[in-house]
Structures are given as C-alpha cells and as structure tokens.
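We did not get these values from a lab; they are worked out from the coordinates using the rules stated. Just so you know, these numbers come straight off a predicted model, no measurement behind them. Here the Cβ positions follow ideal geometry from the backbone for every residue, glycine too, while neighbour counts run over all protein chains shown.
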Amino acid sequence: MRLRLLGELNDFLPRAQRGQSQAITLTRRAAVKDVLEAIGVPHTEISLVRIDALAAPMSNVLMSGSDAHIVAAPWTPAARRADWPDAPPAFVADVHLGGLVRRLRLAGFDVAYANDRDDADLAAISDIEHRVLLTRDRGLLKRARVRHARFVRCDATQAQYDDIVAHFGLADRMQPFTRCSDCNTPLDTVAKTDIVHRLEPLTRAHYTHFARCPVCDKLFWGGSHVADVQRRL
Ligand SMILES: [Zn+2]
C-alpha cells in the first residue's frame, strides 16, 4: 500500500520522510487506524482518511498485501469549529501543561487539570465529560477512548497557547476575566467596597472592577490579568 500524510500530520514523521508518499507492506490485515498509529500518527490528529480517493472510516480493515492508496488529512479550524458550533470546547490537560492551562483559563476557557491524574484518568475525563484532551504524550492519544484531542507540539507556553487558539478557532470566543486561573471556577463580580481592605495601595488607586473566585477566594481585577491576556491577542 501507499500512504501519504497531508499538512501538519507530517509533524509526526522523521524529517526526511515528510511530504513524501511512502510504501508500506502489510504482512497481516490491519485497520487504517492501526497502520497510521504504527508510523506515529495518533488517530485523534486525523480528520479525514481517503482510501483510493474515497472517504472511509479509520476502522476500515486493509488486507495483507493490500495495494490501496491511503491519504490522511489533519483537522482544520473550520472543521473543529463545526464540531463546537455554539460554544468553545472544554479541555482537559495533562500534568506537563500547567502554564498553558493558566493562560487558557485567563482567556475564559474551561480547562480541567490536576497534577495527580494518570493516563487512564485523563482518557476517562475526556470521554465522559466530552473534553478535548491536550497532551504532549502520543501514547495517550492512541487510546481508543480518547476521541477529541490536540497533540501539543511546542515547548514554550506562549507558542502552545497560540497553537490552541488558532487550531480551535478561539480568537473570537475569549471571555477574559471570567474564570479562576488557579481552580477553573467561574468568577463572581464583587463590589470594590467589599474587598478594598485586601488591595495593595496601587491596585486600590487604579482599578474599579473586581472579580472573586467563590471557591479559592482569589481576587482578579482589570489590571495585570486582563492586560496580560489582551496583550496576547
Ligand atoms: Zn479559584
């Protein structure tokens, strides 16, 4: 059989093989999903598969010695948007993505995160709560239970954040200053007079709008947090 990966699916191949059509000899029958994952592409990264030019599910089984021509395409922001037409997706992130989690929450997105969750927990949360799994672990993405996910490609938090915003078309879906960056709880607005005793003098002098996390009591104001988020837009 021959296999060609389109666009950013090539990120998963060794550099020398990117953009090339490659020959694969099947010695036993195998599902398209398993063939793709054997060369390192998690099924969650693939939007569309064509077998001999016809769209086909990844569960399709190829026979030993098959000469099928497989083309696999990645998700596009438009396709992602179609999956979440009314509201942005909720996320769950693996333990290595704490910086990304805080930044997404500051922009208003619902991100579940705890640093004591193992792979099985993360897959279960993603499945049961319909959360998009964000991870840097390809093995985790090969689990059948994980249906919606994004492999996080970059090292730097800012680059990770920019990738997620672009990939899921989130730029016009932000609600900065509405969610606690520490615990993910939606914030309550709070009158300045109620919390003025907790403010540093400069904050007290310069800001008028405040919000408070009802769970962890952390205060947010239209200063550093919002300016930080807005600068990143
Ligand atoms: Zn909180």
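When only alpha carbons are used to place a centre, region 69-129 and region 151-222 end up 19 Å from one another. Exposure proxy shown here: for 132, 35, the number of other Cβ atoms within 10 Å sets the order, fewest to most, as 35, 132.
Between residue 21 and residue 38, the distance separating the two model label sites (each 7 Å from Cα on the Cα→Cβ line) works out to 2.0 nm.
Stretch residue 11-residue 158 to full length: gain in nm at 0.36 nm per residue minus the Cα-Cα span?
Values: separation 147, 0.36 × 147 = 52.92 nm, distance 1.93 nm.
Answer, rounded to one decimal: 51.0 nm.
Placing a label point 7 Å from the Cα of residue 191 along the Cα-to-Cβ line, the residues of region 199-224 whose backbone N sits under 16 Å from it are 208-212.
Rg over Rh for region 1-103 works out to 1.04, using Cα positions for both radii and the Kirkwood form for Rh. Multiplying the residue separation of residue 61 and residue 115 by 0.36 nm and subtracting their alpha-carbon distance yields 15.6 nm. Taking other C-beta atoms within 10 Å as the exposure proxy, 36, 6, 187 rank 6, 187, 36 from fewest upward.
Could you give the length gained on full extension between residue 172 and residue 206, defined as 0.36 nm per residue of separation minus the Cα-Cα distance, in nm? Intermediate values should be presented prior to the final figure.
Details: separation 34, 0.36 × 34 = 12.24 nm, distance 2.79 nm.
Between residue 172 and residue 206, full extension yields an extra 9.4 nm.
With the biggest extent put first, the Cα atoms of region 83-232 measure 53, 30, 27 Å across the principal axes.
What does the charge count near residue 127 come to, summing +1 for each Lys or Arg and -1 for each Asp or Glu among other residues with Cβ under 13 Å from its Cβ? Can you show the working numbers first?
Working: positive: 131, 143, 145, 147; negative: 119, 121, 129.
Taking every other residue near residue 127 into account, the sum is +1.
Distance between the modelled labels on residue 183 and residue 79, one decimal in nanometres: 3.9 nm (7 Å Cα→Cβ projection).
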